[in-house]
Amino acid sequence: AQTVTQSQPEMSVQEAETVTLSCTYDTSESDYYLFWYKQPPSRQMILVIRQEAYKQQNATENRFSVNFQKAAKSFSLKISDSQLGDAAMYFCAYLRETSGSRLTFGEGTQLTVNP
Amino acid sequence: DAGVTQSPTHLIKTRGQQVTLRCSPKSGHDTVSWYQQALGQGPQFIFQYYEEEERQRGNFPDRFSGHQFPNYSSELNVNALLLGDSALYLCASSLRGGAYGYTFGSGTRLTVV
């Protein structure tokens, strides 16, 4: 079974600074998808960024980028120019579409942004 | 364009009772998945519905059941509630597979007393 591990329960960053959230996963598959979701106090899970495992190029969405290391099974999220609105719980998630499209989530990292 | 809508937002039930949670998927989506999120933890997959059938199920007992209607909306039913069923229940929708990411609702907070 696939597992996703987020080893940082909490992280903090100063406004306008850069922070990196870590994620590792375990799978024997070669074709899958990885996601970072953000869950603010409103509880709604919001998709931040998506990576296709067969693509070597790291995904980027504005201030958010990933460092995808397939061999190491590592998928970290970098947030540049951190803003107060980035404060939330961040979840790393794995999906293999041919296995029924269930998302497997990590335990989450609570990000605090200090003004 | 409305996203995923869940109702109710909060619910308090007594042990042994039954509960029904409801979800309307994002317009254009045909697949609905349900997740249970205990406090301070990541969501756990309960099951997924596509074309009105349960397509896949996570490691949850038969007390958890669901349904998908022809308009793609879905219900999650939990029978014989236990204190441990207290959690945030999230509904997520997608178009067929979830490779492009799911759209989540804001969840139903269920408290069992």
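The values are calculated or read from the model by the stated rules, or taken from the named source; none is laboratory data. Predicted model, so just to flag it, every value in this text is computed and none were measured. Note that we place each Cβ from the backbone using ideal geometry, even for glycine, and neighbour counts take in every protein chain shown. Note: areas computed on protein heavy atoms with side chains; ligands, DNA, RNA excluded. Shrake-Rupley method; radii C 1.70, N 1.55, O 1.52, S 1.80 Å.
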Screening B:106, B:86, B:94 for residues that are among the hydroxyl-bearing types (Ser, Thr, Tyr), surrounded by 15 or more Cβ atoms within 10 Å (Cβ to Cβ) and more than 11 Å from chain A (Cβ to nearest Cβ) leaves only B:86
Which one of these is modelled with pLDDT of 95 or more and within 14 Å of chain B (Cβ to nearest Cβ): A:35, A:68?
A:35
Would you call residue B:65 part of a strand (DSSP E or B), hydroxyl-bearing (Ser, Thr, Tyr) and open to solvent by less than 10 Å² (accessible area, probe 1.4 Å)?
no
For residue A:59, are the conditions met, namely being more than 9 Å from chain B (Cβ to nearest Cβ), under 16 Å from the mean Cα position of the chain (by Cα), loosely packed, with under 13 Cβ neighbours inside 10 Å and among the aliphatic types (A, V, I, L, M)?
no
Can we say residue A:91 is touching a residue at least 60 places away in the same chain (Cβ under 8 Å) and either closer than 23 Å to residue B:45 by Cβ or within 14 Å of chain B (Cβ to nearest Cβ) (or both)?
yes
Give all pairs with beta carbons closer than 8 Å in which a residue from the stretch B:9-30 that is without any contact (Cβ under 8 Å) to a residue 12 or more places away in the chain meets a residue that is part of a loop (DSSP other than H, G, I, E, B) and among the acidic types (Asp, Glu); count only pairs at least 6 apart in sequence or on separate chains.
none
Search result, residues across the stretch B:12-25 that are open to solvent by 40 Å² or more (accessible area, probe 1.4 Å) and closer than 19 Å to residue B:105 by Cβ
B:22, B:24
Residue hits (the stretch A:28-50; in a loop (DSSP other than H, G, I, E, B) and surrounded by fewer than 17 Cβ atoms within 10 Å (Cβ to Cβ)) are A:28, A:29, A:30, A:31, A:40, A:41, A:42
Scanning the stretch A:47-66 for residues that are closer than 18 Å to residue A:113 by Cα and among the hydrophobic types (A, V, I, L, M, F, W, C) gives A:48, A:64
Scanning the stretch B:40-56 for residues that are part of a strand (DSSP E or B) and either facing chain A (nearest Cβ under 9 Å) or not charged (D, E, K, R) (or both) gives B:44, B:45, B:46, B:47, B:48, B:49, B:50, B:55, B:56
I'd like to know if the stretch A:53-75 contains one or more residues that are outside any loop (DSSP other than H, G, I, E, B) and among the small types (Gly, Ala, Ser).
yes
Hey, any hits in the stretch B:2-10 for a residue that's under 20 Å from residue B:100 (Cβ atoms), at pLDDT below 95 and of a type outside the set (Phe, Trp, Tyr)?
yes
